[in-house]
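None of the figures in this text is laboratory data; all of them are computed from the coordinates on show. Note that the structure is a prediction, hence the values are computed from the model and not measured. Cβ placement follows ideal geometry from the backbone for every residue including glycine, while neighbour counts extend to all protein chains displayed.
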Amino acid sequence: MQHIQSTVTDLPSNCRSAADHMAQVLAEEDQYADLNEHCRQKVRELEDTLSRELKERVALVAYRI
């Protein structure tokens, strides 16, 4: 069976299209939210608060869903 290089992995040609489509869908889901400066400041403040309470560094990420 012939294999074609895919962005996901080496797959038979009949699986390539479905795998590429799934990779595209997953990439579109993992996009950051477009926060204004006020919202970014609130996220930084919450990171600081959690970091102090947990006594470890915390980073928060805002994704668009």
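In this simple spin-label approximation, Asn36 and Val61 carry label points 7 Å from Cα along the Cα→Cβ vector, and these lie 2.6 nm apart. Using the Karplus relation 6.51 cos²θ - 1.76 cosθ + 1.60 with θ = phi - 60°, the per-residue 3J(HN,Hα) values for region 57-65 come to 6, 10, 10, 10, 10, 9, 9, 7, 10 Hz, with x marking Gly and Pro. Computed 3J(HN,Hα) for region 37-50, one whole-Hz value per residue from the Karplus formula 6.51 cos²θ - 1.76 cosθ + 1.60 where θ = phi - 60°, is 4, 4, 5, 4, 5, 5, 5, 4, 5, 5, 4, 4, 4, 5, glycine and proline marked x.
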